[in-house]
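The values are calculated or read from the model by the stated rules, or taken from the named source; none is laboratory data. Keep in mind that this is a model prediction, so the values were computed, not measured. Neighbour counts run over all protein chains shown; Cβ positions are idealised from the backbone, glycine included. We work out accessible area using only protein heavy atoms, side chains counted, and drop any ligands, DNA or RNA first. Shrake-Rupley method; radii C 1.70, N 1.55, O 1.52, S 1.80 Å.
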Amino acid sequence: MNITVSVIIPIYNRARTISVAIDSLLSQSFKDFEIILINDGSTDNTEEVLEKYIKQDKRIKLFIQENSGVSSARNLGLRMSEGQYITFLDSDDFYDPTYLEELYIRIQEKDAEICFCGYNKIYEGTKVKNKTVFTEKNVLTNYLFGKLNVHISGWMIKKELLELHGLRFTEGLSWGEDVEFICKVLLNSNKLTYVQDYLTNYTMDTTANNLSAFSLDKIDKDVQSLLNVLEYKNAKSNHSDLHKAILGYRLPALIIYRLNEALKQKKNTEEIIEYYEKYFKFIQGGVLFYNGLRSVKLFIYKLTLKYRMLKIRR
């Protein structure tokens, strides 16, 4: 039997939250889908929770691997999936009840390869729309400029497109891997569309453990993911706007904002200086005002960072 949509969920130690994600799928108005659960070597009782769901619904399939990271887990999900279309859902997030139906109807109406929608941030039980533009034009540059704010859970992608171009997540990357993947998908797509609504929900973790997880090495991962995009075969020719978006805005922004946050949180001074010097060429060479008011804001943060760095290096 042909399956229309495969929903891939990578899971690591999410026994407490995975039910919310799965329940949101079982409540979908659209029924022709499979749920691909990838247990990425969980050490809590995640597997016990998943086994209960497998017994409830034959559309749920569980695959287990040694802990290898979110990119590896999603790639396993892609290999095991049988749907014509692919969507992703993180194990602590959830869909609105009409998500699959609305995106599938739209992608069929437009005969498109990709369909996207907006998402909500869930903060201590409160739902807030994460504002985004909805457009079929310049989607890649708008995405990199931060104007098109779409979470990894907000894309429905034709599997044939992924298979034709061998598109997968870069294994070993656990931060920024989704941006790299979506950029490569968009570079290969000829037809996309959108549903002008906010149908996926991203749960903000405000626990002390998550807040303390701030680390500067995420800069390394973000930089690597964006450099991977620039080195991608379809990005090397006739994509000057892509280079402007990454080198003139996205790359310096992620470095500048994270270093300013590290200073605000009074992280290790020597480490901050090390990262500032390591990526100085991107800081200095970026912020070329390609992105309107966002570039102005970034320029102010760049000056602030420069001033603060002068103070701590005295």
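One line per residue, one yes/no per condition, for (1) over 28 Å from residue 175 (Cβ atoms); (2) surrounded by fewer than 22 Cβ atoms within 10 Å (Cβ to Cβ):
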residue: 19; (1), (2): no, yes
residue: 22; (1), (2): no, no
residue: 32; (1), (2): yes, yes
residue: 48; (1), (2): yes, yes
residue: 55; (1), (2): yes, yes
residue: 76; (1), (2): no, yes
residue: 82; (1), (2): yes, yes
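Considering the conditions (1) within 14 Å of residue 9 (Cβ to Cβ); (2) without any contact (Cβ under 8 Å) to a residue 40 or more places away in the chain; (3) within 17 Å of the chain's Cα centre (by Cα), residue 90 is excluded by exactly one of them, (2). Out of all the residues in the range 101-122, is one or more in contact with a Lys or Arg (Cβ under 8 Å, 6 or more places away or on another chain), β-branched (Val, Ile, Thr) and at pLDDT 95 or above? Yes - at least one qualifying residue is present in the range 101-122. Applying a threshold of 9 Å to beta carbon distances and a minimum spacing of six or more residues, or different chains, the list of pairs starting in the range 293-307 at a residue that is within 15 Å of residue 262 (Cα to Cα) and ending at one that is at pLDDT below 95 and of a type in the set (D, E, K, R) is empty. From the list 34, 47, 82, the one residue that fits, being more than 23 Å from the chain's Cα centre (by Cα) and on the phi < 0 side of the Ramachandran plot, is 47.
Only residues that are modelled with pLDDT under 95 and at negative phi were counted across the range 160-186, and they come to 3.
Restricted to the range 283-303, and to residues there that are small (Gly, Ala, Ser) and surrounded by fewer than 16 Cβ atoms within 10 Å (Cβ to Cβ), the residue that is modelled with the lowest pLDDT is 285. Taking the range 102-120 as the range and being surrounded by 16 or more Cβ atoms within 10 Å (Cβ to Cβ) and either farther than 15 Å from residue 193 by Cβ or of a type in the set (A, V, I, L, M, F, W, C) (or both) as the test, the residues that pass are 103, 107, 112, 114, 115, 116, 117, 119, 120. Looking across the range 255-282, the residues that are open to solvent by less than 30 Å² (accessible area, probe 1.4 Å) and under 19 Å from residue 228 (Cβ atoms) come down to 255, 279.
Just to be sure before I move on: is residue 191 buried (at least 21 other Cβ atoms within 10 Å of the Cβ) and either among the charged types (D, E, K, R) or modelled with pLDDT under 95 (or both) in the structure I sent? No.
Every residue in the range 148-164 that is open to solvent by 20 Å² or more (accessible area, probe 1.4 Å) and without any contact (Cβ under 8 Å) to a residue 60 or more places away in the chain, please.
149, 151, 163, 164
Looking at residue 185, is it surrounded by 13 or more Cβ atoms within 10 Å (Cβ to Cβ) and either without any contact (Cβ under 8 Å) to a residue 12 or more places away in the chain or β-branched (Val, Ile, Thr) (or both)? In short, yes.
Results for (1) under 24 Å from residue 16 (Cα atoms); (2) out of contact with any helix residue (DSSP H, G or I) (no Cβ under 8 Å at 6 or more places or on another chain); (3) assigned to a helix (DSSP H, G or I), shown as yes or no for each residue.
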| site | (1), (2), (3) |
| --- | --- |
| 119 | yes, no, no |
| 127 | yes, yes, no |
| 141 | no, no, yes |
| 156 | no, no, no |
| 168 | no, no, no |
| 195 | no, no, no |
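Scanning the range 213-228 for residues that are modelled with pLDDT of 95 or more and among the aliphatic types (A, V, I, L, M) yields 219, 223, 226, 227. Any idea which residue in the range 170-180 is least open to solvent (accessible area, probe 1.4 Å), counting only those that are in a helix (DSSP H, G or I) and within 23 Å of residue 294 (Cβ to Cβ)? So, considering only residues that are in a helix (DSSP H, G or I) and within 23 Å of residue 294 (Cβ to Cβ), the one least open to solvent (accessible area, probe 1.4 Å) is 180.
Condition check for residue 132 on (1) part of a strand (DSSP E or B); (2) of a type in the set (Val, Ile, Thr); (3) open to solvent by less than 30 Å² (accessible area, probe 1.4 Å): one failure, at (1).
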